[in-house]
Amino acid sequence: MTDVFVVGEHLQDAVTEVTFELIGMARELAAASGGQVIAGLVGSGVTGLAATLGGADRILVVDDAALELFNPEAHAAVFASLLSGTGASVALVPYTSTGMEISSHLSESANRPLVSFCTSVKIEGGLGATCRLYAGKIEADVEIAGDGAIFAVLSGSSPAAAGRSGGGAVVEQTANPIDPSALGTSPVGLILPEGGDVDITAQDVLVVVGRGIASADNIQEAQALADALGGAVAASRPIIDQGWLPKSRQVGKSGLTVKPKVYLSLGVSGAPEHLEGMKDAETIIAVNSDPQAPIFGVAHYGWVGDLFDLLPELVDRLDGS
Amino acid sequence: MNSVVLLRPVPDPVEELELNGDGTDLDRDYLGYVLNEFDDHALEEALLVKEESGGSVTVLGLGSADEMEQMLYTALAKGADRAIKLGDDVGHLSVRAQADVFAAALANLSYDLILTGVQAADELDGQLGMRVAAKLGLPHVSVAVGVVAGEGSVRVTKEFWAGITAQYDLRMPAVLGVQAARQAPRYVAVSLIRQAQQSGNLSEEDIEVPADPGEVKIVAVRMAESGSGAEMITGDEAAAAERIVEIIRSAGKG
Ligand SMILES: Cc1cc2nc3c(=O)[nH]c(=O)nc-3n(C[C@H](O)[C@H](O)[C@H](O)COP(=O)(O)OP(=O)(O)OC[C@H]3O[C@@H](n4cnc5c(N)ncnc54)[C@H](O)[C@@H]3O)c2cc1C
Ligand SMILES: Nc1ncnc2c1ncn2[C@@H]1O[C@H](COP(=O)(O)O)[C@@H](O)[C@H]1O
């Protein structure tokens, strides 16, 4: 029997989708071994949210005004305490901005191995996982020695619906085991984004440029194509970090999730963090000079070649048509 | 403010990856290595902080890649004060072991901030920065996108998602996993790198390589499915453009 602990995540009064994905994954794992799914939810005013975690058997709630804003140091310590209290040997942590602060700490505090970038996890027949390494290019099967581990799981690895119901869903209040004011981290506040010039989540057609576009000037060519298609230009993260386009144009894990009718990428490799934000687009067309680019794994149509050869051909055919 | 930046080489993402004979690892014999791109951002942020509020930047490099020294000289040329190469000819280490090595090296240094990249593409067992923070019991922020130095503390911006960020004041010393520096990492002239090679600011430090606990073992690797579900368009750019326009039109657009 193996109990499976899930690190619950929430932001702005809602439990995140990935939390349900992990609870669903944990249900399958626990069912196979006759164990329970135990979810943790930590924050201020989160008791109401606990009721939504219907896929868990037990929901451990630490509801404390001192944990209002996610605090990397405090949340890591609280989850370490919750995990050790349950005695669960397996924990699933979302591989997200908040989970990244927590997983390594659980590994160190529980002295359990940690496996990151997981897309699936197994318990029966020995602990193991499948992981995405090298920006999604390589898939690795991993075996773990011993009877326990922490798994940091990528978003989108499992259906969320399976985590919404089917558990005993007993909510248990737990006192905050730590004093956040004694820690070295003081949250200052949350900052919401300003609206951008273009709402890329509302577009039917997105021309998405990646590092393959090579310079800020070349974005004009992509803009010409987007204009011809009545759409907008969006981008992968490095284009935003270079300052070539505003943050509001970023697709992916730390950007926006888009589901346009047509998503046409030019020089985007398709790292897992990018795929998270676009894999549900209706028609995905990918252009990349590298036949190994992981973007072709989610694309419906792909062409291997130089985007700069293709762009003028496309604009020619669409202009004045 | 004194910063230490932890640098790791990773296989060059631009190169074609090949698997070894028994399909349990990359074929590392012919791999070229480059600095982990997020570590480059960590270095940039440390240099910006130094330019704004003084202090020093020390870079620590671990890894047996031939290119490691070049990465350290490049960091010196960009403005780091001191570079330390940890060990020589160290094989591939788990992140848990890497964190032990870095933590041991940090014990001999005086620092306010430890910065490293938010992640590396081959970090199977966790993120280096957060492991170091856990080992040293220090405050930490991962996915950091900006640092402002204060008196005895530092204000760090952390990114969540969808453009939402939060700010934290951290007591120092603290550890940051840097996603992106406030500006793109700087380039440096080859002549300056040559100068750095003559500077004597690079030293080597012997390390004790922790035994690999062997707790996380890769048993098989394969190229991730690429294009298996996609219709791959053949032909030159003209043929491709023809077909792509057709696809877009059949989706009701264009
Ligand atoms: C916590 C975290 C959050 C992140 N969030 C996001 C996010 O929200 N969004 C995001 O996009 N990334 C995100 N990333 C970054 C992500 O890991 C990748 O680094 C990024 O997606 C890579 O962008 P890219 O595909 O444009 O660049 P690269 O990976 O460098 O790919 C460039 C591609 O262009 C191709 N190419 C080059 N020249 C040409 C040419 N002439 N013609 C055709 N093809 C060409 C190359 O073959 C290559 O495949 C995040 C990372 C982390 C750690
Ligand atoms: N300012 C510092 N300078 C050098 N080493 C430090 C510093 N702060 C912490 N350390 C190292 O981190 C370890 C744990 O630190 P702490 O938990 O903060 O007492 C110590 O044993 C030191 O080796």
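All of the numbers you see were taken from the coordinates with simple rules; none came from a lab. Not measured: the values here are computed from a predicted model. When we count neighbours, we look across all protein chains shown, and the Cβ atoms used for this are built from the backbone with ideal geometry, even at glycine.
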Whole-number D in µm² s⁻¹ for region B:1-46, Kirkwood Cα-pair radius fed into Stokes-Einstein, 10 °C, 1.306 mPa s: 129 µm²/s
Computed P(r) (all Cα pairs; chain A; 10 Å bins; percent): 6, 25, 28, 22, 14, 5, 1
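May I ask you to derive the FRET efficiency for B:D212 and A:A32 from their Cβ-Cβ distance with R0 = 35 Å, giving the value to the nearest 0.05?
0.70
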Label point 7 Å beyond Cα of B:L31 along Cβ direction - residues of region B:66-105 with amide nitrogen under 12 Å: B:66, B:91-94
Least to most buried among B:R243, B:R249 (fewest other Cβ within 10 Å first): B:R249, B:R243
Relative contact order (percent, whole number), chain B, Cα cutoff 8 Å, 6+ residue spacing: 23 percent
Shielding by partners - mean other protein chain Cβ count within 10 Å, residues of A:111-118: 5
Filter on A:K122/A:K279; A:K247/B:K135; A:K279/B:K158; B:K50/B:K158 - keep pairs with C-alpha separation over 31 Å: A:K247/B:K135
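May I ask you to derive the relative contact order of region A:53-127, considering only C-alpha pairs under 8 Å and at least 6 residues apart, and to give it as an integer percent? Numbers along the way, then the final one.
Details: 36 pairs, mean separation 19.2, N = 75.
Computed value for region A:53-127: 26 percent relative contact order.
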Cβ neighbours within 10 Å from other chains - mean over A:298-307: 6
Built amide H within the under 5 Å cut-off of A:Q203, gap 5+: none
Two-decimal Rg/Rh across region A:131-204, once Rg and the Kirkwood Rh are taken from alpha-carbon atoms: 1.07
Where Rh is the Kirkwood radius over Cα pairs, Rg/Rh for region A:68-203: 1.02
Order by protection proxy (mean Cβ within 10 Å, highest first), peptides B:229-239, A:205-215: A:205-215, B:229-239
Stretch gain in nm, segment A:S181-A:M1, where the contour uses 0.36 nm per residue and the Cα spacing is subtracted: 61.0 nm
Taking only Cα atoms of region A:157-269, radius of gyration then Dmax in Å: 20.3, 59
Cα Rg, Dmax (largest Cα-Cα span) when computed across region B:81-172, Å: 14.5, 42
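Count neighbours as other Cβ atoms within 10 Å of each site's Cβ, and list the GluC sites (Glu not before Pro) in region B:112-209 that are DSSP loop with at most 15 such neighbours.
Those that pass, being in a loop and sparsely packed, are B:E151, B:E208.
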More than 18 Å apart - percent of Cα-Cα pairs taken over region A:223-321: 47 percent
Within region B:34-60, backbone nitrogen closer than 13 Å to the virtual label 7 Å beyond the Cα of B:D12 toward Cβ: B:34-35
Backbone N under 14 Å from the A:D204 label point (7 Å along Cα→Cβ), restricted to region A:225-259: A:227-232
Candidates A:L60, A:L264, A:L310, ranked by Gaussian network fluctuation over chain A, Cα under 10 Å, top entry: A:L310
Förster-model FRET efficiency, 51 Å R0, B:E246 and B:L109, C-beta, rounded to 0.05: 0.25
Cleavage-rule hits, GluC sites (Glu not before Pro), region A:216-321, DSSP coil, Cβ neighbours within 10 Å at most 16: A:E282
Chain B: calculated mean residue ellipticity at 222 nm from DSSP helix runs of at least 4, using -39500 (n - 2.57): -9000 deg cm²/dmol
Taking only Cα atoms of chain B, radius of gyration then Dmax in Å: 21.1, 65
Where N is the number of residues in region B:23-102, Cα Rg divided by 2.2 N^0.38 Å: 1.22
Acute angle (nearest 10 degrees) that the helix B:237-250 long axis makes with the longest principal axis of chain B, alpha-carbon atoms: 80 degrees
Principal axis dimensions, largest first and in whole angstrom, of the protein assembly as shown by Cα: 67, 66, 51
Centroid-to-centroid separation of region B:138-208 and region A:26-53 [C-alpha atoms, Å]: 36 Å
Residue-averaged beta-carbon neighbours from other chains (10 angstrom radius) around B:19-30: 1
Mean Kyte hydropathy of -1.0 or more with a Cα span along the axis of at least 20 Å, helices from DSSP in chain A: A:17-33, A:72-86
